[in-house]
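Every read-out reported here was derived from the displayed coordinates using simple, explicitly stated rules and does not represent laboratory data. What you see is a predicted model; the values in this text were computed from it and never measured. All Cβ positions, even for glycine, are placed from backbone atoms using ideal geometry, and neighbour counts span all protein chains on display.
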Amino acid sequence: MARFRKVKEFVIEKLIFASGIASIIFVALIFIFLLREGVSVFKTTSIGDFLGGRFWYPISDPPKLGILPLILGSLLVTAGAIVLAVPLGIGAAFYIADVAPVKIRHLLKSCVEVLAAIPSVVLGFLGITLLVPFLKHTLGLPTGLTALAGSIMLAFMALPTIISISEDAINAVPREYKEGALALGATHWQTLTRVIIHGAMPGIIAASMLGIGRVIGETMAVMMVTGNAAVIPTSLLQPVRTLTATIAAEMGEAAKGSPHYFALFAVGLVLFLISFLINLTADLFLNRGKKR
Amino acid sequence: MSAKIEVERLNLWYGAFHALIDVGLSVREKAITSLIGPSGCGKSTLLRCLNRMNDLIDDVRIEGSVRLDGQDIYAGTSALTALRKKVGMVFQRPNPFPLSVYENIAFGPKVHHLAKADEMDHIVEDSLKAVHLWDELKDRLDESALRLSLEQKQRLCIARLVAVKSEVLLMDEPCSALDPMATLKIEELMRHLKDDYTIVIVTHNMQQAARVSEETGFMLLGELIEFGRTPDIFTRPQDKRTEDYITGRFG
Ligand SMILES: Nc1ncnc2c1ncn2[C@@H]1O[C@H](COP(=O)(O)OP(=O)(O)O)[C@@H](O)[C@H]1O
Ligand SMILES: [Mg+2]
């Protein structure tokens, strides 16, 4: 009997080990593949022209493969999303964790879960049919397909992550801090904004970064509402094209082995590096929060 | 000697559980009053009634009166922050905020708008001096308070109350997390502080009550069994149950 258990434990241990290794191998393989296909673009276009080029005309002859407009498009849409989602998400997290009456708290938490479960295509669909016309009319724009529409979509997608992880961080703040502040005669609001927020800060920053990391690679909804014009954006109220939308829209048409094809892989590489950096930073903050 | 706090026929229920039963006592100004009794008898509950910390708990019902300087603190809710400024609390586990030493002290004066920015340095210095921490910490004011020793943390928590000019210090087993040396030092500090502050201390350490307090109350199962001068309680208890407790027959 004891032997059987030992064997079973041995097998399970090895299986878990194998799945851990497998995930590392998969990531490595994906990265190597991206790298191999992506660097081929630099045979025809220099790194400087690729990252800093102002024009993305992949099918002109010779093709112009500058992704600066795409990088800026992604940055603009993401920055807009951050500005919208981070304050809203943190505020909502504080409300749910520390202010809302029990019933409303449960209701809101379910709402956040539902929001997280909506597929991005569906959100994008709602964006096209409701948000885009709304923006066009209220702001008097020639088209509602704008960076702003993309930012709003992404903000919706980042919110569940930001809210639930921030809320965990706030709840993890020792109750003694709150009692200490209230016992000094601080109001509930002062306690929240001057004490609890300090205890929760590493977690809140990590939540924001993970929320952003979750949406920076987001494609569908953004492609549906941003208009996809590959020009260097100057305002949130004009159409833009993101890195992800470019890959999704053009991968089907690019001839295999053409500079265009390799350029799309290189775009993927750039995206990969960006999300990797964001996740890494978020991890650093989460771990720093845990150590204390 | 006048009474700083007068408690009369105080009853408290946690839901259906009757946790304080007809408690009445008066706390002398600028003296140390201790509350002793076995664990779970309601000492903390009584203490938390004096600055209305029980208001934070759902489903609590309180009857009776608590008068501070003659004013019933349970009449009206508007002065809650002012009450807690006047009646400060030191907790069992030292609970400095996750801020610097300086900001821990400055927190109270800031939320009560007691000081202009240029006066804050003085307040911090004076408050730390009052708890004999200044010499140890004057070069570490910007360090996180979470890095202090337990004893330093507890002193810092007392200094926070000094900074808002609390008049009453409620201490709920303030030494139970400390070693014997640190305990003696905190007791010494309490003797210093009683010249300026009214102190109520909860302790399950009878020697501590005997060492520091002028008056002692003995509680059992939610009732205040006996209350009087500390030497009387410890040498001539009137109630059989008090005698059993202090001679160590239970608890
Ligand atoms: N928040 C609460 N809800 C319900 N019962 C409580 C609560 N706090 C304390 N009690 C109960 O009230 C009684 C007195 O508790 P407490 O005042 O903490 O005792 P002591 O400080 O003397 O050990 C105990 O039986 C305890 O279980
Ligand atoms: Mg207690």
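Points to keep in mind about this one:
- Pairs of Cα atoms farther than 16 Å apart, region B:67-175, %: 58 percent
- Each Lys and Arg contributes +1 and each Asp and Glu -1, all at the Cβ; summed about the Cα centre of the protein assembly as shown, the dipole is approximately 1320 debye.
- Burial order of peptide ranges A:60-73, A:147-160, B:149-162 (average beta-carbon count within 10 Å, highest first): A:147-160, B:149-162, A:60-73
- For region A:158-230 versus region A:248-264, the inter-centroid distance based on Cα atoms is 39 Å.
- Calculated log₁₀ intensity ratio I(q)/I(0) where the Debye formula runs over C-alpha points of chain A, q = 0.09 Å⁻¹: -0.58
- Of interest is the spacing of the C-alpha centroids, which for region A:56-120 and region B:69-98 amounts to 42 Å.
- Dividing the Cα radius of gyration of the protein assembly as shown by its Kirkwood radius returns 1.14 for Rg/Rh.
- The helix-only estimate of mean residue ellipticity at 222 nm for chain A, built from DSSP H runs of length n ≥ 4 each weighted as -39500 (n - 2.57), is -23500 deg cm²/dmol after division by the residue total.
- Charge dipole (the protein assembly as shown, unit charges on Cβ, about Cα centre) - positive-most of B:Ser176, A:Cys111, A:Val270: A:Val270
- Among B:Ile73, B:Ile62, B:Ile105: highest mean-square fluctuation, GNM of chain B, C-alpha pairs under 10 Å: B:Ile62
- Each eigenvalue of the Cα gyration tensor of region A:2-43, multiplied by 5 and square-rooted, gives one semi-axis; in descending order these are 40, 5, 4 Å.
- Against the main long axis of the alpha-carbon atoms of chain A, helix A:197-216 sits at an angle near 30°.
- Legend: mean number of C-beta atoms from other chains within 10 angstrom of residue C-beta atoms, peptide A:174-182, equals 6.
- Against the empirical curve 2.2 N^0.38 Å, the C-alpha radius of gyration of region A:60-168 lands at a ratio of 1.32.
- Summed side-chain charge close to A:Met157 - residues other than A:Met157 whose Cβ falls under 11 Å, Lys, Arg +1, Asp, Glu -1: 0
- Each 10 Å bin from zero up to the one holding the largest Cα-Cα distance in chain B carries the following percent of pairs: 7, 31, 35, 21, 6, 0.
- For A:Ala255, net neighbour charge (Lys/Arg +1, Asp/Glu -1) across residues whose Cβ lies under 15 Å away: -3
- The dipole here belongs to chain B: it is taken about the Cα centre, uses +1 on the Cβ of Lys and Arg and -1 on the Cβ of Asp and Glu, and is about 160 debye.
- Volume of the Cα convex hull of region B:1-149, divided per residue and given in Å³: 153 Å³
- Efficiency of FRET from Cβ geometry, A:Ser40 and B:Arg28, R₀ 60 Å, rounded to 0.05: 0.10
- In chain A, taking the dipole from charged Cβ atoms about the Cα centre, the farthest positive-side position among A:Thr242, A:Tyr261, A:Phe26 is held by A:Phe26.
- This model, with +1 at the C-beta of Lys and Arg and -1 at the C-beta of Asp and Glu, gives region A:1-91 a dipole about its Cα centre of some 560 debye.
- 28 Å Cα-Cα threshold exceeded, pairs from A:Lys14/A:Lys109; A:Lys178/B:Lys43; A:Lys103/A:Lys136; A:Lys103/A:Lys178; B:Lys85/B:Lys153; A:Lys136/A:Lys256: A:Lys14/A:Lys109; A:Lys103/A:Lys136; A:Lys136/A:Lys256
- Residue by residue along B:87-99, Cβ atoms of other protein chains within 10 Å of the local Cβ number 5 on average.
- Projecting the Cα atoms of B:Ala106, B:Leu150, B:Val124 onto the charge dipole of region B:91-164 (Cβ charges, centred on the Cα centre) puts B:Leu150 farthest toward the positive pole.
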